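The values are calculated or read from the model by the stated rules, or taken from the named source; none is laboratory data. As the structure is a prediction and not an experimental result, all values here were calculated from the model. Here Cβ is always computed from backbone atoms with ideal geometry, including for glycine, and neighbour counts include all displayed protein chains.
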Amino acid sequence: MSPNATLLHLHFIFAHKLTLNKNIMNKNLVALSLILLTSLLFTNCEKDDPEIPNEEELITSLSYQLSPIGGGDIITLSFQDLDGDGGDSPLITGGTLSANQSYVGSLDLMNEAGETPINILLEVVEEAEEHQVFFESNLSTVNITYGDEDANNFPLGVMTTLTTGAPDSGTLTIILRHEPNKSAAGVSEGDITNAGGETDIQVTFPIDVQ
Amino acid sequence: MFNNKFIFCLTFFLAVFNGAAQDCKLNISGQVIDEGTGLPLSYVNVLIREISNGTNTDDTGNFSFNNICEGEYHLIFSHIGCDSKEFHFDLLEDTFLNVILTHTSTSLEGVVIQGKKDNQNNQPNSSVNRQAIEDNTNQNLAGLLENQEGVHLIKNGSGISKPVVHGLYGNRLTILNNGIAQSGQQWGNDHSPEIDPFSADKIIVLKGANAIEFGSGNLGAVVLVEPKKIGREPHLHGQINYAYETNGRGNSLNARLERYTSLFAWRVNGTLKKYGDRKTASYFLNNTGLEEANLSFQLEKSWDEKVFFDFYASTFNTRLGVLRGSHIGNLTDLDQALNREIPFFTEPTFSYKIEAPKQHVSHHLVKFKTKYYYDESQTFDFVVAGQLNNRKEFDVRRSGRTDIPALHIAQTTSNIELKYTQQLKSEWKLKVGNQQIITDNTNNPETGILPLIPDYFSYKAGQFATVSKRLKNIDFNFGIRYDYELQNVVTISRGIESEIIRYKNQFHNINGLVSTKFDISKAQSISWNIGYATRNPGINELYSNGLHQGVSGIEEGDINLNTETALKNTLEYKWTPNANFSFNTLLYHQLFNDYIFLNPQDEIRQTIRGFFPVFTYEQSNATIYGLDISAQFTIRRSLFGLLKYSYLKGTNTEEDLPLVFMPPNNVYGSIVYRAEKLITLNSIQLEDTEIELNNKYVFSQNNLLASQDFVLPPSAYNLLGLKLSTNLISSHYKIRCFVEANNLFNVAYRDYLNRQRYFADDIGLSLTFGINYKF
């Protein structure tokens with residue numbers, strides 16, 4: 001070490017091990033009483049009644065009205081589930097169609113859960129570009145064609161034409177898709193396979209063709 | 001006291017002589033003495049940070065540096081088993097330093113460090129240090145823990161992930177941010193913990209039987225996110241970290257500033273992140289971007305070395321996109337999505353846009369902590385903290401309702417805690433404490449959807465006591481805890497006429513812990529840990545009611561659930577025969593009574609949207625057992641290897657079925673080459689240059705029946721990674737740089753614990769470029 005040096009002392013603190021100290025037990029009581037004191041901070045708290053959200057987006061009822069072309073009784077297929085998801089099972093009403101007959105089909109969607117029913121169909125029509133209704137039947141003789149278009153000339157499916165063939169019985173499924181890919185192959189012809197999006201409605205009705 | 005003396009010594013030079021103060025001819029030398037024994041200390045590492053020049057003290061405790069330029073320097077002293085200490089001084093002349101290391105309880109800072117060590121002594125744990133946090137600027141909290149033994153991640157896409165320790169997560173895993181139990185909607189598998197890992201210097205995973213002092217509910221594991229104390233540095237110091245990740249074109253920026261003044265010490269930390277769409281091996285994952293902005297502020301002040309005050313405030317704000325193609329309606333949609341190679345809504349172009357479905361979450365924390373040293377053997381800790389968690393989730397909805405959150409919950413939490421620690425005679429240590437947590441959870445009715453989780457108020461009060469004792473080669477730890485919980489819950493019934501139904505629940509929980517660690521020899525130790533814990537059912541388990549959009553299922557709570565109990569045993573064996581090899585194995589077994597889980601029902605419920613599966617919270621007896629093994633070895637002087645293996649099996653013992661959503665087994669290995677010497681390129685030197693090659697193999701989850709899931713678990717996968725890192729040193733600066741490649745071979749894979757696996761592949765090749773600058 002050079003004689004021309006600066007001396008600098010550093011005191012350093014490292015934790016290896018704690019040595020123990022005197023003067024112990026008598027303060028335990030002070031500590032414990034302090035701890036118990038903080039536990040008295042307890043206050044009983046009740047929550048206020050929450051505001052029940054207005055489920056205006058809910059769809060409780062669907063009806064598909066079929067008016068025979070050339071006159072006759074109107075047939076209505078309907079689905080109603082007033083208490084929404086869960087709770088009671090929905091009420092489903094099928095229908096009997098005439099063989100070899102054409103019908104004008106019109107769809108109606110409602111939210112009847114609240115005091116004043118809300119027409120959901122209006123919302124769907126307003127956003128026609130983002131919605132499409134698909135119709136599927138396990139009867140090959142039942143055909144549905146679209147009778148309406150959105151602003152991009154793709155079908156919406158609120159207005160349709162349904163034709164029946166020979167007598168048979170089976171089912172008709174109505175599906176409403178939100179944000180489907182309407183330009184995907186087959187979608188504008190009513191084929192749901194490539195549509196994507198999410199399902200807002202999917203209900204199946206028993207139908208008889210007589 | 002010591003610290004005062006230290007300041008005194010720093011300010012007054014004892015002897016000043018005129019020296020030959022020419023540039024770069026100065027010497028710094030000194031001697032390190034152990035205060036306790038008065039003997040010189042050898043093998044203390046001394047480093048001058050500015051010139052990255054380091055040395056060790058010799059047998060006589062001496063060290064020296066020659067030919068040093070005049071200027072300001074930071075000396076870093078480190079010694080085995082201790083955090084390094086840094087000191088600043090001006091070098092004007094040849095300087096001799098008398099350094100005294102103390103090992104006594106008068107060292108107040110030391111007690112703090114010691115206190116932490118002591119509690120975790122017998123607990124198997126693993127940790128992520130600051131260097132790893134800086135080197136993974138692009139990761140979130142869970143991502144940083146991913147490669148720790150026994151830790152897995154539950155993900156929902158790439159942006160949302162939460163840690164799973166030994167198969168437990170959510171309600172059963174406690175995360176402590178800065179000593180405060182993280183609140184928020186921790187029950188949700190699609191909810192990440194809202195913590196900025198950059199605010200931490202160390203993240204520790206305690207894997208033993210429950211750590212008594214960290215609160216109830218943690219049936220086996222605790223994650224601690226901890227900042228370090230602000231160093232005694234009179235100058236402004238800080239760092240900047242930046243990383244760019246190719247996959248997602250993500251930018252992450254972090255800055256930290258800190259300073260110690262005679263009045264108080266402060267630190268500010270800020271992070272910004274922006275990511276766009278991630279990409280799998282072959283297609284974009286649209287709408288998977290994220291934005292994040294976080295800020296934290298820390299202030300420390302002490303009075304007379306008796307009272308230490310610590311204030312911490314942080315805000316965390318994020319917007320996360322959820323893969324558009326994973327947002328589906330009913331079972332038919334799910335079925336369709338499952339059968340697609342590439343998800344619906346996949347676009348050929350990249351975008352930073354975040355649209356519905358998305359999450360906006362903010363989390364704010366304020367903490368006041370006071371530590372009071374009553375005398376040399378007794379300390380009090382008093383903490384008051386408040387948290388506010390605000391979560392909004394947006395779905396794709398009709399008629400402009402997409403901008404209205406489909407879930408909006410605000411939760412406030414207050415924590416009050418008092419702890420008392422006492423050193424007793426003959427190395428006994430006692431710690432007692434009281435913790436109280438008040439939670440207020442409120443749904444916002446603007447959603448127009450009946451809430452999945454009801455409004456509630458809960459009050460928890462816990463008392464604990466732990467006793468530890470250190471004998472010659474045995475550590476012993478015993479702890480007991482009692483918790484009371486009150487829940488005031490207000491639910492809204494479903495039906496034609498919605499009604500408000502109130503519930504009031506009271507629960508009592510007991511935790512107990514015994515652990516011992518035995519040092520067989522210098523090279524071997526064995527520790528055994530047994531813990532008993534009870535956990536009352538959480539609000540989600542009791543009262544969930546409704547459609548969980550993300551999982552396309554109806555989830556129902558059960559108000560008759562009982563408290564679940566768990567008994568966990570861990571046995572850890574460590575063997576370090578020499579400096580070139582270490583081996584660590586951890587065996588664990590956890591026995592559950594009334595384990596609460598979400599069980600798929602036979603019922604398929606019909607709604608106007610079609611059919612939905614129904615899941616109900618049920619209870620059963622269960623076991624989870626497993627094994628974590630790791631080995632580290634030096635292959636050659638500069639070549640190091642690491643090998644890890646994790647095995648886990650969960651069984652519903654009552655019905656003899658596998659437990660669902662348990663992590664698959666995996667093997668991880670890495671080889672690191674570290675350049676021993678500085679590499680010189682023109683005027684720049686490369687220090688600590690490392691090349692790491694790592695490989696992770698994840699087995700398929702075979703412990704599952706086909707009927708327990710919508711699809712079979714994904715097949716096994718193997719990911720290769722490469723990392724280069726170095727410190728660039730020039731005469732003026734030092735910058736750390738790294739380049740990291742993940743999924744090097746761009747493998748298309750799906751991970752069992754990633755819920756996005758139903759719809760899309762996981763992330764493909766990604767390169768990350770990072771720099772870190774400290775001053």
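Overview of values
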{"read-out": "Among residues of the range B:163-179, those that are surrounded by fewer than 24 Cβ atoms within 10 Å (Cβ to Cβ) and either closer than 23 Å to B:THR271 by Cα or touching a helix residue (DSSP H, G or I) at 6+ places or on another chain (Cβ under 8 Å) (or both), counted", "value": "5"}
{"read-out": "Some residue of the range A:95-111 being part of a loop (DSSP other than H, G, I, E, B) and acidic (Asp, Glu)", "value": "no"}
{"read-out": "Count - residues of the range B:543-593 that are of a type outside the set (A, V, I, L, M), within 28 Å of the chain's Cα centre (by Cα) and away from chain A (no Cβ under 14 Å)", "value": "20"}
{"read-out": "Filter pass, A:THR141 being surrounded by fewer than 18 Cβ atoms within 10 Å (Cβ to Cβ) and either assigned to a strand (DSSP E or B) or away from chain B (no Cβ under 14 Å) (or both)", "value": "yes"}
{"read-out": "Elements of type strands (runs of 3 or more DSSP E) in the range B:213-262, at least 1 residues being at pLDDT 90 or above and closer than 30 Å to B:ASP90 by Cβ", "value": "B:237-245, B:250-260"}
{"read-out": "Pairs, first free of Cβ contacts under 8 Å to residues at least 60 places away in the same chain and in a loop (DSSP other than H, G, I, E, B) in the range B:699-720, second crowded, with 18+ Cβ neighbours inside 10 Å and acidic (Asp, Glu), C-beta under 8 Å, six or more apart", "value": "B:PRO714/B:ASP751"}
{"read-out": "Enumerated strands (runs of 3 or more DSSP E) restricted to the range B:595-689, each holding at least 3 residues that are within 26 Å of B:GLY208 (Cβ to Cβ)", "value": "B:610-636, B:639-652, B:666-674"}
{"read-out": "So B:GLN123, is it in contact (Cβ under 8 Å) with a residue 40 or more places away in the chain, outside any helix (DSSP H, G or I) and crowded, with 24+ Cβ neighbours inside 10 Å", "value": "yes"}
{"read-out": "Whichever residue in the range B:160-200 is hydrophobic (A, V, I, L, M, F, W, C) and not in a strand (DSSP E or B) and, among such residues, is farthest from the chain's Cα centre (by Cα)", "value": "B:TRP187"}
{"read-out": "Residues that are away from chain A (no Cβ under 14 Å), touching a residue at least 60 places away in the same chain (Cβ under 8 Å) and more than 30 Å from the chain's Cα centre (by Cα), drawn from the range B:597-617", "value": "B:PRO600"}
{"read-out": "Set B:SER399, B:SER362: member being assigned to a loop (DSSP other than H, G, I, E, B) and either surrounded by fewer than 20 Cβ atoms within 10 Å (Cβ to Cβ) or not assigned by TED's automatic domain parsing to the domain that holds B:PHE297 (or both)", "value": "B:SER399"}
{"read-out": "Flag if B:THR315 is within 10 Å of chain A (Cβ to nearest Cβ), surrounded by fewer than 20 Cβ atoms within 10 Å (Cβ to Cβ) and either more than 30 Å from B:PRO613 (Cα to Cα) or polar (S, T, N, Q) (or both)", "value": "no"}
{"read-out": "Verdict on A:GLU46 being outside any strand (DSSP E or B), facing another protein chain (nearest Cβ under 9 Å) and either among the hydroxyl-bearing types (Ser, Thr, Tyr) or within 26 Å of B:THR332 (Cβ to Cβ) (or both)", "value": "no"}
{"read-out": "Positions within the range B:421-435 being of a type outside the set (S, T, N, Q) and part of a strand (DSSP E or B), in sequence order", "value": "B:TRP428, B:LYS429, B:LEU430, B:LYS431, B:VAL432, B:GLY433"}
{"read-out": "Cross-chain or 6+ apart pairs with Cβ under 9 Å, the range B:330-347 first and in the same structural domain as B:GLN756 (by TED's automatic domain parsing) and closer than 20 Å to A:ILE201 by Cβ, then among the β-branched types (Val, Ile, Thr) and not in a loop (DSSP other than H, G, I, E, B)", "value": "B:ASN330/A:THR199; B:ASN330/B:THR607; B:LEU331/B:ILE604; B:THR332/A:ILE175; B:THR332/A:THR199; B:ASP333/A:THR199"}
{"read-out": "Residues of the range B:335-363 that turn out to be farther than 22 Å from B:PRO405 by Cβ, more than 10 Å from chain A (Cβ to nearest Cβ) and not polar (S, T, N, Q), as a count", "value": "7"}
{"read-out": "Subset of the range A:143-163 (residues that are touching a Phe, Trp or Tyr at 6+ places or on another chain (Cβ under 8 Å) and on the phi < 0 side of the Ramachandran plot)", "value": "A:ILE144, A:PRO155, A:LEU156, A:MET159, A:THR160, A:THR161, A:LEU162, A:THR163"}
{"read-out": "Those residues of the range B:402-416 which are part of a strand (DSSP E or B) and more than 8 Å from chain A (Cβ to nearest Cβ), in sequence order", "value": "B:LEU407, B:HIS408, B:ILE409, B:ALA410, B:GLN411, B:THR412, B:THR413, B:SER414, B:ASN415"}
{"read-out": "B:GLY157 surrounded by 23 or more Cβ atoms within 10 Å (Cβ to Cβ), of a type outside the set (Val, Ile, Thr) and touching a residue at least 12 places away in the same chain (Cβ under 8 Å)", "value": "yes"}
{"read-out": "Filter pass, B:PHE464 being under 19 Å from B:ILE416 (Cα atoms), in contact with a Gly (Cβ under 6 Å, 6 or more places away or on another chain), among the hydrophobic types (A, V, I, L, M, F, W, C) and outside the structural domain of B:GLN186 (by TED's automatic domain parsing)", "value": "yes"}
{"read-out": "Tally, over the range B:604-647, of residues that are under 30 Å from B:GLY669 (Cβ atoms) and hydroxyl-bearing (Ser, Thr, Tyr)", "value": "8"}
{"read-out": "Strands (runs of 3 or more DSSP E) completely within the range A:55-94 that count 2 or more residues being loosely packed, with under 15 Cβ neighbours inside 10 Å", "value": "A:91-93"}
{"read-out": "Test for B:THR57: is it among the hydroxyl-bearing types (Ser, Thr, Tyr) and modelled with pLDDT under 55", "value": "no"}
{"read-out": "Residues satisfying the stated conditions in the range B:596-644, i.e. in contact with a helix residue (DSSP H, G or I) (Cβ under 6 Å, 6 or more places away or on another chain) and closer than 24 Å to B:HIS166 by Cβ", "value": "B:ILE596, B:TYR617"}
{"read-out": "B:ASN536 touching an Asp or Glu at 6+ places or on another chain (Cβ under 6 Å), in the same structural domain as B:PHE464 (by TED's automatic domain parsing) and within 20 Å of B:ASN218 (Cα to Cα)", "value": "yes"}
{"read-out": "The range B:606-647 - residue that is buried (at least 19 other Cβ atoms within 10 Å of the Cβ) and basic (Lys, Arg) and, of those, modelled with the highest pLDDT", "value": "B:LYS644"}
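Yes or no, residue by residue, for (1) of a type in the set (Asp, Glu); (2) in contact with an Asp or Glu (Cβ under 9 Å, 6 or more places away or on another chain); (3) crowded, with 16+ Cβ neighbours inside 10 Å:
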site	(1), (2), (3)
B:ASN441	no, yes, yes
B:ALA465	no, no, yes
B:ARG494	no, yes, yes
B:GLN506	no, yes, no
B:ILE510	no, yes, no
B:ILE526	no, yes, no
